[in-house]
Amino acid sequence: MSANNPEANPVVVLDFGAQYSKLIARRVRDAGIFSLILPYNVSAEEVKAMEPSGIIFSGGPASVHADEAPLCDQALFDLDIPILGICYGAQLMAQQLGGTVERATKREYGIAHLDHTDGSRLLADLDAQTQVWMSHGDMVTSLPEGFSVIGTTENCPFAAFANGETKRYGVQFHPEVVHTTQGVQLFQNFVHTICECDNRWNMGSFVDMAIEDIRNQVGDKHVICGLSGGVDSSVAAALIHKAIGDQLTCVFVNNGLMRKGETDLVQEVFQDNFHINLRYVDAEDLFLDALAGISDPEKKRKIIGKLFIDVFEKEATSMGHMDFLAQGTLYPDVIESVSANGGPSVTIKSHHNVGGLPEKMNLELLEPLRELFKDEVRALGHELGLPDELNYRHPFPGPGLGVRCIGEITKERLDTLRDADEIFIDEIRAAGLYGDIWQALVCLLPVRSVGVQGDERTYEEVCSLRAVTSEDAMTADWFRFPPEVLQRISNRICNEVQHINRVMYDVTSKPPGTIEWE
Ligand code: XMP
């Protein structure tokens, strides 16, 4: 294979049912090397045919002693290719090569400190004592012949081990998670020093590969894509357009629940700038009529979700025959589990905004981002030339301001909310804090309060500001604003937004609160 081909000589990750196998592949990509994931039971022949530079065994939930424990092809160990085993993968390698694995007297979960001194290539340039993250019940208790210990923790005498000659390495901890603070260095050492890979994979290579894949999958057929103004669907659309041009049609449904300026921004970027076929559907009245008088959050969500599908389907049908539905599904949206027969199986989160459409309209799914994490998608959007304003936007939920206009939804209340939201985001940007915050939002509350403006008594609406930090939206903490920034925001909202006379700041973390109020 050509050294210029970014897919040549990849690092292959064998998946033993780990929660983290995609994260391992991602760390390898971060180190500049193409990586792909294969099921654990792939044959050594197949692996060899790919001419990989290295192999990584992922962790997994099983015990090597379980009857149905997933084992790898023993012949893999005969290949002259470096292997790194992680957690279960390390135990498996130790056991398959003649060492022993036993149930640990104390299950280890969480942060530990790894000591290492012997100068192994795997742990080169890591601090002599470095923080690692452990999660295991079994552990290696004796090493196969030719192996030696290269790192220990208080509870784990074989926390890292190696046979430098055959380039076989095992670590009991998880170098792929952020809690292993020097994990990135460990992956760099494995792929560059041990596997001797050159640095060559980057977002540009991803674009080239993805374009080829999309062209192969789509052929001369037609793709429809729902644009929401969010990062994921925007990047997916830009990428697919680059691959198949006018075979892609995007649909943007204005449901009346968008932020200020959003409909203009989407049309400007996609129609005027990228010259993508874009159908704009003004469904504001339809949505607001259906939502009139509804305050229950779940009812709101159901109405918005169902109407979106109806409108989208009607628009799609009017365009003639479509073959694919493009979605900006990311890896964290894909929940991976290992099925009873051992193969990884995949299901999609139910909150997907076009749920049910593909079956109903007989559309195949096109999901070119499903291997990527959010920050990689942003890097891809940057590579494709999406404006930063869109690309680095905070997440925005499918039901839009519908779930931030607490209580009854009316056009007037939505306009009030849009004005407050615009000021909040403007001031966050002006303070240089936008990038420090995962998501910032305003909720209009279903209460009124008495105030005094000028010499007048007022009785107006109350809004609550929410800004959170988060890694993945699963947990979140409220953002600590400098008080003067909050003061400026509060002053501007009360002075400039008609109908709001009181501003609250939400100091609830997730859990127990969610990020959105409804
Ligand atoms: P919660 O409120 O559950 O939200 O803490 C977690 C993240 O998901 C976003 N969110 C949604 N995104 N469709 C979406 O595409 C939805 O129905 C939806 N509901 C919540 C939310 O904004 C946050 O980023």
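The values are calculated or read from the model by the stated rules, or taken from the named source; none is laboratory data. Keep in mind that what you see is a predicted model, and the values were worked out from it rather than measured. Note that each Cβ is placed from the backbone with ideal geometry, even for glycine, and that neighbours are counted across all protein chains shown. Heavy atoms of the whole protein, side chains included, go into the accessibility calculation; ligands, DNA and RNA do not. Shrake-Rupley method; radii C 1.70, N 1.55, O 1.52, S 1.80 Å.
Which percent of the accessible heavy-atom area of region 405-505 goes to carbon and sulfur, probe 1.4 angstrom?
48 percent
Go ahead and estimate [θ] at 222 nm for the chain from helices alone: -39,500 (n - 2.57) per DSSP H run with n ≥ 4, summed, over the residue count, rounded to 500.
Counting only the DSSP helices, I get -8500 deg cm²/dmol.
Within the accessible area of region 203-391, what % is carbon and sulfur when the probe is 1.4 Å and the other protein chains stay in place?
Carbon-and-sulfur percentage of accessible area, whole number: 48.
Around residue 151, which amide H atoms from residues at least 5 apart in sequence, or from another chain, sit under 5 Å from its own amide H, with H modelled in the peptide plane?
159, 160
For the full complex of protein chains and a 1.4 angstrom probe, list 260, 374, 314, 299 by accessible area with the highest value first.
Final ranking, largest accessible area leading: 314, 299, 260, 374.
In region 35-186, what percent of the accessible surface is made up of carbon and sulfur (1.4 Å probe, ligands and nucleic acids excluded)?
Ligands and nucleic acids excluded, carbon and sulfur reach 48 percent.
At 1.4 Å probe size, what's the solvent-accessible area of residue 280? Round to the nearest 10 Å².
90 Å²
Counting only DSSP beta bridges with both residues in the chain, what percent are antiparallel, rounded to the nearest 5?
Of all bridge pairs located within the chain, approximately 50 percent are antiparallel.
By how many nm would the segment from residue 145 to residue 495 lengthen if fully extended, with 0.36 nm per residue of separation less the alpha-carbon distance?
Full extension from residue 145 to residue 495 adds 118.4 nm.
Using amide H atoms built 1.01 Å from N in the peptide plane, name the residues 5+ places from residue 504, or on other chains, whose amide H lies under 5 Å from its own.
Amide H neighbours of residue 504: 463, 464, 465.
Which whole-Hz ³J(HN,Hα) couplings does region 149-163 yield from phi under the Karplus relation 6.51 cos²θ - 1.76 cosθ + 1.60, θ = phi - 60°, glycine and proline marked x?
6, 10, x, 9, 10, 3, 9, 9, x, 10, 5, 8, 9, 7, 10
Of 300/510; 22/106; 302/411; 300/360; 360/411; 221/242, which sit over 26 Å apart, Cα to Cα?
22/106; 360/411
Enter the accessible area per residue of the chain (Å², integer; probe 1.4 Å; all protein chains in place).
Heavy-atom accessible area per residue stands at 44 Å².
For the chain, with the dipole built from +1 on Lys and Arg beta-carbon atoms and -1 on Asp and Glu ones, taken about the Cα centre, which of 163, 187, 491 lies farthest toward the positive end?
491
Taking 8 Å as the Cα distance limit and 6 or more residues as the minimum spacing, I'd like the relative contact order of region 11-194 as a percentage.
Answer for region 11-194 is 22 percent.
Of 141, 416, which has the most accessible area with a 1.4 Å probe, and how do the rest follow in descending order?
The most accessible residue leads, giving 141, 416.
Enumerate the amide H contacts of residue 279 below 5 Å, restricted to partners 5 or more residues apart or on another chain; note that Pro and chain-start residues carry no placed amide H.
250, 251, 252
Taking +1 at the Cβ of each Lys and Arg and -1 at the Cβ of each Asp and Glu, which of 245, 332, 304 sits farthest along the dipole of region 203-391 towards its positive end, judged by Cα position relative to the Cα centre?
Towards the positive end, the residue furthest out is 304.
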